[in-house]
Amino acid sequence: MTDDLGRLLAEHSLLEGDFLLRSGKRSTFYLDKYRFETRPDLLRALGVRLAETANEAEPGAVRLAGPALGAVALAASASMASELPFIIVRNETKEYGTANRIEGPFDEGDVVCLVEDVVTSGGALAESVSALRDAGLVVRNAVCVVDREEGGADALARLGVRLRSLYRASDLLAGRIPA
(Lines give C-alpha, C1' and ligand atoms only; values in the text may rest on other atoms or scores of the structure.)
Protein backbone atom coordinates (compact mmCIF):
# COMPACT_ATOMS: atom_id res chain seq x y z
CA MET A 1 0.00 0.00 0.00
CA THR A 2 1.68 3.21 1.16
CA ASP A 3 2.89 5.04 4.26
CA ASP A 4 0.94 7.17 6.76
CA LEU A 5 1.40 10.36 4.73
CA GLY A 6 0.12 8.63 1.61
CA ARG A 7 -2.91 7.34 3.47
CA LEU A 8 -3.67 10.85 4.76
CA LEU A 9 -3.19 12.23 1.26
CA ALA A 10 -5.70 9.75 -0.16
CA GLU A 11 -8.10 10.22 2.75
CA HIS A 12 -8.23 14.00 2.36
CA SER A 13 -7.86 14.51 -1.38
CA LEU A 14 -9.13 11.47 -3.28
CA LEU A 15 -12.51 12.10 -4.87
CA GLU A 16 -14.59 9.58 -6.80
CA GLY A 17 -16.92 10.46 -9.67
CA ASP A 18 -16.60 11.62 -13.27
CA PHE A 19 -13.85 14.20 -13.77
CA LEU A 20 -12.37 15.97 -16.77
CA LEU A 21 -8.59 16.28 -16.34
CA ARG A 22 -6.35 19.04 -17.68
CA SER A 23 -5.03 16.50 -20.19
CA GLY A 24 -8.54 16.25 -21.69
CA LYS A 25 -9.01 12.70 -20.44
CA ARG A 26 -11.91 11.65 -18.23
CA SER A 27 -11.29 9.84 -14.95
CA THR A 28 -13.33 8.09 -12.26
CA PHE A 29 -11.04 9.58 -9.59
CA TYR A 30 -9.48 12.94 -8.89
CA LEU A 31 -6.70 13.86 -6.49
CA ASP A 32 -7.70 17.37 -5.44
CA LYS A 33 -4.40 19.14 -4.81
CA TYR A 34 -6.10 21.99 -3.00
CA ARG A 35 -7.35 19.57 -0.38
CA PHE A 36 -3.77 18.69 0.56
CA GLU A 37 -1.99 21.94 -0.27
CA THR A 38 -4.27 23.97 2.00
CA ARG A 39 -3.81 21.78 5.09
CA PRO A 40 -0.74 22.93 7.05
CA ASP A 41 -0.05 19.44 8.43
CA LEU A 42 -0.03 17.81 5.00
CA LEU A 43 1.70 20.73 3.28
CA ARG A 44 4.49 20.74 5.87
CA ALA A 45 5.03 16.97 5.62
CA LEU A 46 4.90 17.04 1.81
CA GLY A 47 7.35 19.95 1.73
CA VAL A 48 9.86 17.99 3.81
CA ARG A 49 9.44 14.89 1.64
CA LEU A 50 9.66 16.88 -1.60
CA ALA A 51 12.81 18.65 -0.35
CA GLU A 52 14.45 15.30 0.46
CA THR A 53 13.45 13.83 -2.90
CA ALA A 54 14.61 16.92 -4.81
CA ASN A 55 17.97 16.76 -3.06
CA GLU A 56 18.34 13.08 -3.99
CA ALA A 57 17.20 13.68 -7.58
CA GLU A 58 19.21 16.84 -8.21
CA PRO A 59 21.87 17.40 -5.53
CA GLY A 60 23.36 20.21 -7.63
CA ALA A 61 20.18 22.28 -7.67
CA VAL A 62 20.58 25.84 -6.45
CA ARG A 63 16.85 26.51 -6.45
CA LEU A 64 13.46 24.87 -6.87
CA ALA A 65 10.83 25.83 -9.44
CA GLY A 66 7.07 25.56 -9.07
CA PRO A 67 4.55 26.05 -11.86
CA ALA A 68 1.74 28.48 -11.04
CA LEU A 69 -0.77 28.07 -9.53
CA GLY A 70 -0.91 24.50 -8.33
CA ALA A 71 2.66 23.89 -7.24
CA VAL A 72 3.52 27.25 -5.68
CA ALA A 73 2.52 26.25 -2.13
CA LEU A 74 4.41 22.96 -2.48
CA ALA A 75 7.51 24.70 -3.86
CA ALA A 76 7.38 27.22 -1.02
CA SER A 77 7.06 24.46 1.57
CA ALA A 78 9.91 22.46 -0.01
CA SER A 79 11.97 25.66 -0.19
CA MET A 80 11.58 26.23 3.53
CA ALA A 81 12.46 22.62 4.30
CA SER A 82 15.51 22.57 2.00
CA GLU A 83 16.54 26.21 2.43
CA LEU A 84 16.83 26.43 -1.35
CA PRO A 85 15.19 29.51 -2.87
CA PHE A 86 12.43 28.91 -5.38
CA ILE A 87 11.08 30.52 -8.51
CA ILE A 88 7.57 30.49 -9.91
CA VAL A 89 6.82 29.59 -13.52
CA ARG A 90 3.79 31.46 -14.80
CA ASN A 91 1.49 29.89 -17.38
CA GLU A 92 2.29 32.80 -19.66
CA THR A 93 4.27 36.01 -19.58
CA LYS A 94 2.33 38.63 -17.68
CA GLU A 95 1.39 41.80 -19.52
CA TYR A 96 2.04 44.22 -16.64
CA GLY A 97 4.66 45.13 -14.05
CA THR A 98 7.91 43.36 -14.82
CA ALA A 99 6.37 41.29 -17.65
CA ASN A 100 8.11 38.16 -16.39
CA ARG A 101 7.18 34.55 -17.03
CA ILE A 102 9.64 33.36 -14.38
CA GLU A 103 9.16 35.11 -11.03
CA GLY A 104 11.96 35.35 -8.49
CA PRO A 105 15.67 35.97 -8.92
CA PHE A 106 17.91 33.50 -10.74
CA ASP A 107 21.09 33.44 -12.79
CA GLU A 108 21.48 31.99 -16.25
CA GLY A 109 22.89 28.47 -15.94
CA ASP A 110 21.31 27.81 -12.52
CA VAL A 111 20.33 24.18 -12.01
CA VAL A 112 16.74 23.90 -10.83
CA CYS A 113 14.56 21.01 -9.72
CA LEU A 114 10.91 21.31 -10.71
CA VAL A 115 8.26 20.65 -8.06
CA GLU A 116 4.74 19.63 -9.10
CA ASP A 117 1.57 18.41 -7.45
CA VAL A 118 -0.12 15.77 -9.64
CA VAL A 119 1.30 14.65 -12.99
CA THR A 120 -0.94 13.04 -15.59
CA SER A 121 0.26 13.49 -19.18
CA GLY A 122 3.16 15.77 -18.23
CA GLY A 123 1.91 18.60 -20.45
CA ALA A 124 2.00 21.32 -17.78
CA LEU A 125 5.47 20.31 -16.63
CA ALA A 126 6.73 20.14 -20.22
CA GLU A 127 5.58 23.75 -20.70
CA SER A 128 7.42 24.74 -17.51
CA VAL A 129 10.59 22.93 -18.65
CA SER A 130 10.46 24.87 -21.91
CA ALA A 131 9.96 28.22 -20.14
CA LEU A 132 12.79 27.55 -17.70
CA ARG A 133 15.18 26.44 -20.42
CA ASP A 134 14.24 29.45 -22.57
CA ALA A 135 15.28 31.59 -19.58
CA GLY A 136 18.69 29.89 -19.53
CA LEU A 137 18.08 27.55 -16.59
CA VAL A 138 19.15 23.90 -16.46
CA VAL A 139 16.33 21.41 -15.82
CA ARG A 140 17.09 17.68 -15.59
CA ASN A 141 14.80 16.50 -12.79
CA ALA A 142 11.30 17.03 -11.46
CA VAL A 143 9.59 15.77 -8.34
CA CYS A 144 5.86 15.47 -7.80
CA VAL A 145 3.51 14.42 -5.07
CA VAL A 146 1.51 11.98 -7.22
CA ASP A 147 2.22 10.41 -10.60
CA ARG A 148 -1.11 9.31 -12.10
CA GLU A 149 0.94 6.89 -14.27
CA GLU A 150 -0.67 8.10 -17.48
CA GLY A 151 2.40 8.94 -19.55
CA GLY A 152 3.78 12.00 -17.76
CA ALA A 153 7.09 10.39 -16.83
CA ASP A 154 7.62 9.23 -20.43
CA ALA A 155 6.74 12.66 -21.85
CA LEU A 156 9.27 14.31 -19.55
CA ALA A 157 11.91 11.67 -20.32
CA ARG A 158 11.64 12.63 -23.99
CA LEU A 159 12.70 16.14 -22.88
CA GLY A 160 15.62 14.79 -20.88
CA VAL A 161 13.86 15.30 -17.54
CA ARG A 162 13.52 12.51 -15.00
CA LEU A 163 10.34 12.47 -12.89
CA ARG A 164 10.38 11.17 -9.34
CA SER A 165 7.14 10.90 -7.44
CA LEU A 166 6.40 10.58 -3.76
CA TYR A 167 3.41 8.39 -4.62
CA ARG A 168 1.94 6.59 -7.58
CA ALA A 169 -1.80 6.78 -8.09
CA SER A 170 -2.03 2.99 -8.15
CA ASP A 171 -0.57 2.85 -4.63
CA LEU A 172 -2.93 5.49 -3.28
CA LEU A 173 -5.92 3.86 -4.95
CA ALA A 174 -5.14 0.29 -3.91
CA GLY A 175 -8.33 -1.17 -2.48
CA ARG A 176 -10.26 2.11 -2.75
CA ILE A 177 -11.45 2.41 -6.34
CA PRO A 178 -12.11 -0.53 -8.68
CA ALA A 179 -9.87 -0.61 -11.75
>> Checking the conditions here, which among ASP32, ASP18, ASP3 is more than 18 Å from ALA78 (Cα to Cα), without any contact (Cβ under 8 Å) to a residue 60 or more places away in the chain and surrounded by 15 or more Cβ atoms within 10 Å (Cβ to Cβ)?
In response: ASP32
> Could we say that ARG49 is more than 22 Å from ASP154 (Cα to Cα), in contact with a Pro (Cβ under 9 Å, 6 or more places away or on another chain), in contact (Cβ under 8 Å) with a residue 24 or more places away in the chain and basic (Lys, Arg) here?
Replying inline: no
> Can you pull out the residues in region 118-130 that are open to solvent by less than 10 Å² (accessible area, probe 1.4 Å) and free of Cβ contacts under 8 Å to residues at least 60 places away in the same chain?
Replying inline: VAL119, GLY122, LEU125, VAL129
> For region 47-59, does any single residue satisfy the condition of being of a type in the set (Gly, Ala, Ser), surrounded by fewer than 20 Cβ atoms within 10 Å (Cβ to Cβ) and not in a loop (DSSP other than H, G, I, E, B)?
Replying inline: yes
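Yes/no per residue for (1) of a type in the set (Lys, Arg); (2) open to solvent by less than 60 Å² (accessible area, probe 1.4 Å); (3) over 30 Å from SER170 (Cα atoms); (4) in contact with a Gly (Cβ under 9 Å, 6 or more places away or on another chain):
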position: ARG44; (1), (2), (3), (4): yes, no, no, no
position: SER79; (1), (2), (3), (4): no, yes, no, yes
position: GLU103; (1), (2), (3), (4): no, yes, yes, no
position: GLU116; (1), (2), (3), (4): no, yes, no, yes
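Quick one: how many residues across region 79-116 are in a loop (DSSP other than H, G, I, E, B) and modelled with pLDDT of 95 or more? Step through it out loud before you land on a result.
The first filter runs over region 79-116 and keeps only residues in a loop (DSSP other than H, G, I, E, B), leaving 83-85, 90-101, 104-110.
With the extra rule that they be modelled with pLDDT of 95 or more, the set shrinks to 83-85, 104-110.
Number of matching residues: 10.
The values are calculated or read from the model by the stated rules, or taken from the named source; none is laboratory data. Keep in mind the model is a prediction, meaning the values are calculated, not measured. All Cβ positions, glycine included, derive from the backbone under ideal geometry; neighbour counts span all protein chains shown. Each accessible area value is taken on the protein alone, full model and side chains, heavy atoms only, with ligands, DNA and RNA left out. Shrake-Rupley method; radii C 1.70, N 1.55, O 1.52, S 1.80 Å.
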